[in-house]
1. How many percent of the accessible area of region 148-307 is carbon or sulfur, using a 1.4 Å probe?
2. Once you place label points 7 Å from the Cα toward the Cβ at Thr495 and Gln470, how far apart are they in nm?
3. If each residue of separation counts as 0.36 nm, what is the full-extension length gain between Glu195 and Glu782 once their alpha-carbon separation is subtracted?
4. Go through Lys467/Lys639; Lys126/Lys751; Lys466/Lys639; Lys326/Lys751 and tell me which ones have a Cα-Cα distance over 20 Å in this structure.
5. Leaving out ligands and nucleic acids, note down the accessible area per residue over region 132-283 with a 1.4 angstrom probe, in whole Å².
6. At 0.36 nm per residue, and after removing the present C-alpha to C-alpha distance, how many nm does the segment from Glu769 to Trp180 gain when stretched out fully?
7. Between region 623-650 and region 334-402, how far is it from one alpha carbon centroid to the other, in angstrom?
8. Rounded if a/c is under 1.5, else prolate if a/b beats b/c, else oblate: with a ≥ b ≥ c from the C-alpha gyration tensor eigenvalues square-rooted, which is region 622-702?
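The values are calculated or read from the model by the stated rules, or taken from the named source; none is laboratory data. Just so we're clear, the structure is a prediction, and the values are computed from it rather than from any experiment. Note that we place each Cβ from the backbone using ideal geometry, even for glycine, and neighbour counts take in every protein chain shown. Side chains included, ligands, DNA and RNA excluded: accessible areas come from the protein's heavy atoms. Shrake-Rupley method; radii C 1.70, N 1.55, O 1.52, S 1.80 Å.
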Amino acid sequence: MTTTEATNVLTSILTMLEREARAGYRDRLVIGGLDAYLATWLPRLAQGGSPDLREAIAAFPFRSYARTPEAERPAWLAEVASWLRDITQPRAAPPPSLRHAAPSRKAPPATTSQSITLETSIAALKGFDRRAVPRFHRLGVTTVRDLLFFFPNRHLDRRDLAPIQTLRPGTEATVQVTVWDITQRSIGPGRKLVEATVVDESGMMRARWFNQPWVAQSLRQGSVWLLSGRIEAFKGRIEMTVSEHEPVDGTDRTHTGRLVPVYPLTEGIAQRTVRRLVKAAVDRYAALLPEPLPEAIRRRAKLMGRAAAVMAMHYPDTPEQLAKAKRRVAFDELFVMQLGLQRAKAEWRQAGRAEPIVPTPEQRATWLGRLAFALTGAQQRAVDEIFADLAKDRPMARLLQGDVGSGKTVVAALALAAAVAAGGQGAILAPTEILANQHLASLGRLLTEIMPGTRVELLTGAVQGKKRRQILDEVAGGAIDVLVGTHAVIQEQVTFKRLLIGVVDEQHRFGVAQRAALRQKGIDGDRNPHMLVMTATPIPRTLALTLYGDLDLSVLDELPPGRQPIRTRLVPPEKRDRAYQFVREQVRLGRQAYVICPLVEESEKIEAKAAIAEFERLRLVFPDLRLGLLHGRMKPKEKDEVMVAFRDGEIDVLVSTAVVEVGIDVPNATTMLIEGAERFGLSQLHQFRGRVGRGAEQSYCLLLSDAGEASERLRIVERTSDGFALAEEDLRLRGPGEFFGVRQSGLPELKVARLSDVEVLDLAREEAERLIATDPYLEAPEHRLLRAEFQRIWVEGASGDRS
C-alpha cells in the first residue's frame with residue numbers, strides 16, 4: 001500500500017469515528033457496528049505497513065465499542081483516534097470532534113514474522129512468477145485464502161485404470177503403462193508430433209502428443225506413466241491422443257489416476273499450471289484455516305471439518321467425500337448469510353419501538369369502499385398481514401412480493417393511508433427518477449381516492465433550488481403527508497416531522513445500507529418507522545427466505561380479474577421477417593413496441609456497443625419508424641429522457657438492453673420482441689414480457705432464438721404466464737447465482753451453495769436463528785472465530801462493493 005493509500009484509509013477511519021460522535025454514539029452507522037467496521041479497515045491500514053504497525057493493529061488494545069457504556073463512548077472514540085495517530089507515520093490531523101484530549105496508548109512491542117498467513121499475497125508463494133500473479137488476479141485470486149477457496153467447476157473421474165486390451169475407440173480412458181520407445185517428428189509448418197509405444201500386461205498401443213515437443217524430454221524408456229486421453233483406431237490399431245500424463249513415481253497424483261479438478265481459466269494460463277499451484281497451496285496451507293463453527297453445530301448438522309472440506313473440494317478421494325465437502329462449504333456460506341440477516345432482523349426489532357398504527361374497522365371499510373375495484377384474495381391477505389404488523393409497537397419489516405400487475409401499489413397505498421390517518425407521514429424510495437414519477441402519479445391518485453386531501457410530493461435529484469428547499473421545509477414541518485423519491489429521500493438534509501412508514505420499491509436495486517438509512521429518518525427518541533419492501537421479481541419462496549431473511553414475507557400470487565394474458569410465441573430464425581412485419585403492423589395501428597437486444601455477458605461496455613450496432617441494423621429494417629435506444633452505459637438522465645419520450649408516444653420502437661427489465665408503465669406498448677431469447681433466464685424473459693400488457697389492447701411477446709436446443713426451455717415461457725412457476729423452474733435450471741444477482745442484493749457471494757438445496761438452507765437458517773437468539777453479537781469465547789469470519793464476510797463486503 002502506498003503512503004497516499006494508507007493516508008486515505010486512516011482518514012476514512014478517523015472520519016467514521018467523527019461520524020459516530022456526531023450521530024450520538026449510538027453504534028448504528030454500519031451493519032455490525034463500529035467493532036465490525038474497525039475489524040475490516042484496521043487490517044487494510046496494516047497492509048504494506050511496518051512489522052511494528054501490523055503487530056500493533058493485531059493487538060488492538062481496546063474493549064468492544066458495542067459493550068462500552070454509552071457515557072464512556074466519547075472517551076473511547078478519542079482514545080482510539082489518539083492511538084491511531086500514535087502508531088501511524090506520518091500523523092494525520094484528527095477530525096474536530098475528536099480533538100479533546102485523551103490519554104495516549106503505546107502499542108505493545110511488535111515481533112517480526114515472515115510466516116505465510118491466509119492474507120499473504122500469492123506473489124509470495126513458490127511457483128507464482130510475475131506472469132502468473134496478474135493472471136490469477138484476473139480470476140479473483142490475490143491471497144492464500146482466495147487460492148484455497150478457488151474451487152473447481154467440476155471433476156473428471158480418472159480413477160479407473162483400464163487394461164489396454166479393453167480399450168474401445170471413441171471413449172476416454174486412463175491407463176498405467178511402461179514406455180517402450182519414443183519418437184518425434186514434424187507434421188507441418190510449426191507442428192510437432194511426439195509418439196510413444198507403451199505397454200501394460202494386457203497389450204500394446206501408440207500414445208500421441210500434438211504440439212508438445214517438451215514431452216519427449218520427460219519420457220524415458222522403461223519409465224512408468226499414467227496417461228489419460230481419447231481412444232481412437234488407426235489402421236486397425238488402438239491409439240490414444242493424450243490429454244494428461246503423469247509419472248508413477250510415488251508422488252501424489254495431480255492430473256490423472258484420481259478425481260481431477262477442472263478450474264476456471266483465463267488467457268495465458270493452462271489447466272495443468274492452475275492444478276499444480278492450487279494443489280501445492282492446499283497441501284501446505286489448508287491447515288491454516290480456522291474452524292469457525294462450534295463443535296455443537298458441527299455435530300448437530302453432521303458436518304466435516306472445514307480444512308478437510310476445503311481440501312476435498314479440490315482433491316477428493318471419492319465422489320461421496322466431495323459431496324460431504326460441498327455440503328460443509330455450502331452450509332458455511334448459507335449460515336454466515338443467515339447470521340447477518342437474522343442479526344439485522346433482531347437489531348431492527350430491538351433498535352427502538354415503533355408507533356402502533358391501528359385504523360378502525362370503519363376507516364378500513366371506508367377506504368376499501370372508495371376504491372373502484374374489489375381487492376383480490378391475495379391482496380386482502382397481504383393487507384391483513386401488514387395491518388397486523390402495524391398494530392404492534394415493534395417496527396414492521398415485511399417484503400411484499402408480487403408479479404407484474406398483481407396490485408402491489410394499492411396494498412402499499414392502504415398502508416400509507418393508515419400512517420397518514422394516524423397523523424404521521426410516509427416515504428417511498430424508488431430506484432430511478434422515472435419510477436419515482438410513476439409512483440407519484442399512481443400512488444398519488446390512489447391515496448387521494450382513499451383519503452381525499454392527502455398531499456403527496458416528489459423529491460429527486462432533478463428537484464433543485466427554491467422548490468427543493470420548500471419541499472424540505474414542508475416535510476420537516478409535516479405539511480407533506482407522503483414523500484416519493486429516489487436516493488434523494490435518504491440524504492442527510494431530509495428530515496421528517498413524524499415518519500411512521502417507509503416503502504422501498506424494487507428491493508433488489510437497493511442494499512441493506514439504503515434500507516437502514518431510510519429507517520434512520522424515522523428515529524424520534526426511540527421510535528422507528530415501519531418498513532415495507534416491494535419487489536415485482538417473482539422469487540421462489542426458498543430463495544426469498546434466504547435473500548430477505550431479515551423480512552417477513554407476503555405474496556400476491558393472483559392477478560386481478562379481467563387482465564388479458566399476453567400472447568407469447570417462439571419465433572424460429574426463418575420467420576424473423578414475419579416478426580418484424582408484425583411489429584410494423586402494430587405501429588400502424590397506433591401501438592408501440594420494444595425490441596430487446598441479445599444479452600452480452602462480457603461487460604456493460606461491450607453490451608452497449610452491441611446495442612448500438614443492433615439499433616443501426618434495425619433502423620435499416622424499420623426506416624419509416626421512429627426508433628429510440630436504451631442501454632446501460634447511458635447516464636440516468638439520458639435513460640429517463642428516452643423513457644419519457646417513449647411513454648409520450650414520440651418513439652415507435654424502443655431498442656433496449658436488459659436495463660428495461662424493470663421500467664415504467666407504457667400502456668400503449670403492446671409488443672415485446674426479444675432477440676437471442678435463449679441467452680436470458682426464464683424469469684428475466686417474464687420480466688421483459690411484463691413491460692407490455694398494461695393497457696386495454698391485446699399484447700404480444702415474440703421470442704426470437706437461433707438456438708434449437710434451447711427451444712424446449714423457451715416453450716415453458718410460451719406455455720405459462722405464472723411468474724412464480726417460471727422462477728422455480730429458473731432456479732432449478734440455472735441456480736441462484738444466474739437467477740438472481742446475489743451480490744447486487746447486498747448479500748455475501750455464494751460460490752458453492754445452491755438455494756435449491758432446501759435441506760441445507762433450512763438447517764443453516766435454523767442454526768443461525770438459534771445462535772442469534774442466545775448470542776446475537778457472537779461474544780461468547782467459543783464464537784470468537786465465527787465472529788471473525790462473520791465480520792470478514794459481511795463487513796468487508798458492506799465496505800466494498802455491496803451497497
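1. Heavy-atom surface of region 148-307 belonging to carbon and sulfur, 1.4 Å probe: 51 percent.
2. 2.2
3. Details: separation 587, 0.36 × 587 = 211.32 nm, distance 5.97 nm.
Taking Glu195 through Glu782 to full extension adds about 205.3 nm, to one decimal.
4. Flagged as over cut-off: Lys467/Lys639; Lys126/Lys751; Lys466/Lys639.
5. 49
6. That works out to 205.6 nm of additional length.
7. 37
8. Working: a/c = 1.44, a/b = 1.12, b/c = 1.28.
Because its axes are fairly even, with a/c under 1.5, region 622-702 counts as rounded.
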